[in-house]
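Here the structure is laid out as structure tokens; the discussion comes afterwards.
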Amino acid sequence: MALERTLSIIKPDAVAKNVIGEIYSRFEKGGLKVVASKMKHLSRKEAEGFYAVHRERPFFNALVEFMISGPVMIQVLEGEGAIAKNRELMGATNPKDAAAGTIRADFADSIDANAVHGSDAPETAAVEIAYFFASTEIFSR
Ligand code: RTP
Ligand code: MG
């Protein structure tokens, strides 16, 4: 497996629930390293730009409103097969379908307020990481 980086966001619902540390612990126990992080309250423009691929989807406006409803914690995770590993730790998009013990099963309330984001492929990971971090803000280790 290749050493990869993926972009992770702890969404406003999980930040409000005060479970940043618990979610970081899942990443670390899963073999992923936090190599960059920042807390941010996204502007509407930033959220719309980040989710531009979903612009035409019926849930786009609700998604943007939710993502700007409070601060988020944004991080780059690094590890062997990090993209798939992070999505495995996150669980299914809809927490009703998420496997027991996953982040979404334990911390998400709905398909909208679903606690975390994770990149879905190497190409999107590269774009999403560059959207939030300069290369000088990432500390590979
Ligand atoms: P994410 O991008 O947040 O990691 O989640 P994902 O890949 O599992 O889901 P994706 O299809 O990329 O959708 C992005 C986010 O939009 C919301 N969503 N709502 N109401 C709906 O049918 C619906 N579908 C997606 C979710 O919050 C999802 O995380
Ligand atoms: Mg996605």
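Where a number appears in this text, it was derived from the coordinates with a stated rule and is not lab data. All of these numbers come straight from a predicted model, not from anything done at the bench. Here Cβ is always computed from backbone atoms with ideal geometry, including for glycine, and neighbour counts include all displayed protein chains.
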query = Across the range 66-92, what is the number of residues that are β-branched (Val, Ile, Thr) and over 19 Å from Pro122 (Cα atoms)?
reply = 2
Residue satisfying all of: in the range 116-141; part of a loop (DSSP other than H, G, I, E, B) and more than 9 Å from ligand 1 (Cβ to nearest atom); nearest to Met39 (Cα to Cα) among these = Phe133
remark   = In the range 102-122, anything away from ligand 2 (no atom under 15 Å from the Cβ) and either on the phi > 0 side of the Ramachandran plot or buried (at least 22 other Cβ atoms within 10 Å of the Cβ) (or both) is listed as Phe107
key: Meets criteria (in a strand (DSSP E or B) and of a type outside the set (Ser, Thr, Tyr)) for Glu88   = no
task = Tell me which of these Gly101 doesn't satisfy, since it passes every other one: (1) outside any helix (DSSP H, G or I); (2) within 9 Å of ligand 1 (Cβ to nearest atom).
result = (2)
key: Selection from the range 29-74 of residues that are of a type in the set (Gly, Ala, Ser), touching a residue at least 60 places away in the same chain (Cβ under 8 Å) and surrounded by 15 or more Cβ atoms within 10 Å (Cβ to Cβ)   = Ala36
remark   = Expected single match for surrounded by fewer than 14 Cβ atoms within 10 Å (Cβ to Cβ) and within 19 Å of Glu22 (Cβ to Cβ) among Ala99, Ala130 is Ala99
